[in-house]
Amino acid sequence: MKTISCIIIDDEELARTLLATYVAKLSHLKIKGSFENALDALPIIKNEHVDLVFLDIQMPEIRGTDFAKLLPASTQVIFTTAYSDYAIEGFELKALDYLLKPIRFERFVDAVNRLEVSKISEETDFITIKSGYDLNKVKLSDILYVESESEYVMFYLKNRKILSYQSLKKLENTLPSNSFMRVHRSFIVNVNHVSGLNGRDLIVGEKHIPVSTRYYEQVKNEMF
């Protein structure tokens, strides 16, 4: 069974401890961090791949439902809260599940199993890109290149652009390596759309994309 990486975010220590105990009972779950403050979890979410977040809703500084909007589309959310009033809002955000405290272990397992079903049914030639409130299902073959823009990345497709909150480093580990290559600290290209190398610039459609010294030899050897 494939390992599922997860983090826990809850401002109550007892709640974090209980969830960590439940996670430890399932060998295919690997906890990457437990946080009292949601904002403290941003670096790991931005720079590493996290499959699942157990996320409390009513927290100081930022509510869980607002924080969920910052997560990449590849990261699923299971909301955990003592207030049933938030259930509708949670499901409107396309949460994987909604666990009402106190959380029973059997109910916890059922929620995690929803992720298993979701992963099995994924289409490998598509990627889901989260942009603000929207989820965009995009064919990998339609992506020309991706450019880093501060804390965001811009996906350049054949007929449109999509801005998404995530890091290029994390995306590099998500996109299939047989079709996508990092060529610069700010660019990942779809090798199937590369038509040439002009000096130190790759030609992708009408765009000239710089190739840094670090990646130049790899680009020449693997693309040409």
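The values are calculated or read from the model by the stated rules, or taken from the named source; none is laboratory data. Bear in mind the structure is a predicted one, so any value in this text is a computation, not a measurement. Neighbour counts are summed over all protein chains in view; Cβ atoms, including those assigned to glycine, are modelled from backbone coordinates with ideal geometry. Only protein heavy atoms, including side chains, enter the accessible area calculation; ligands, DNA and RNA are left aside. Shrake-Rupley method; radii C 1.70, N 1.55, O 1.52, S 1.80 Å.
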Q: Averaging over all projection directions, find the projected area of the Cα convex hull of segment 168-224 and quote it in nm² with one decimal place.
A: 3.6 nm²
Q: Measure out, as a whole number of angstrom, how far apart the alpha-carbon centroids of segment 195-222 and segment 11-85 sit.
A: 39 Å
Q: Using packing as a proxy for protection, rank 59-67, 4-12 so that the peptide with the highest average count of other Cβ atoms within 10 Å comes first.
A: 4-12, 59-67
(Q) List the residues, sorted by chain then number, that are 5 or more residues from Q76 or on another chain and whose placed amide H is less than 5 Å from its amide H. (A) L52, V53
Q | Heavy atoms of R200 accessible to a 1.4 Å probe, total area in Å² rounded to 10 | A | 110 Å²
Q | 5 angstrom amide H check on L157, placed H, neighbours 5+ away | A | L144, I162
**Q.** Label zone at V138 (point 7 Å along Cα-to-Cβ), backbone N below 14 Å, segment 151-179
**A.** 152-168, 171-172, 174-176
Q) How big is the C-alpha Rg of the chain next to the rule-of-thumb value 2.2 N^0.38 Å, as a ratio? A) 1.13
**Q.** Dipole magnitude of the chain about its Cα centre (Cβ charges: Lys, Arg +1; Asp, Glu -1), debye to nearest 20
**A.** 720 debye
Q.
Tell me the per residue accessible area of the chain using a 1.4 Å probe; a whole number in Å² is fine.
A. 53 Å²
Q) Using the beta-carbon distance between E106 and K30 and R0 = 30 Å, what value does 1/(1 + (r/R0)^6) give for FRET efficiency, to the nearest 0.05? A) 0.90
**Q.** Carbon plus sulfur fraction of accessible area for segment 130-224, probe 1.4 Å, in percent
**A.** 41 percent
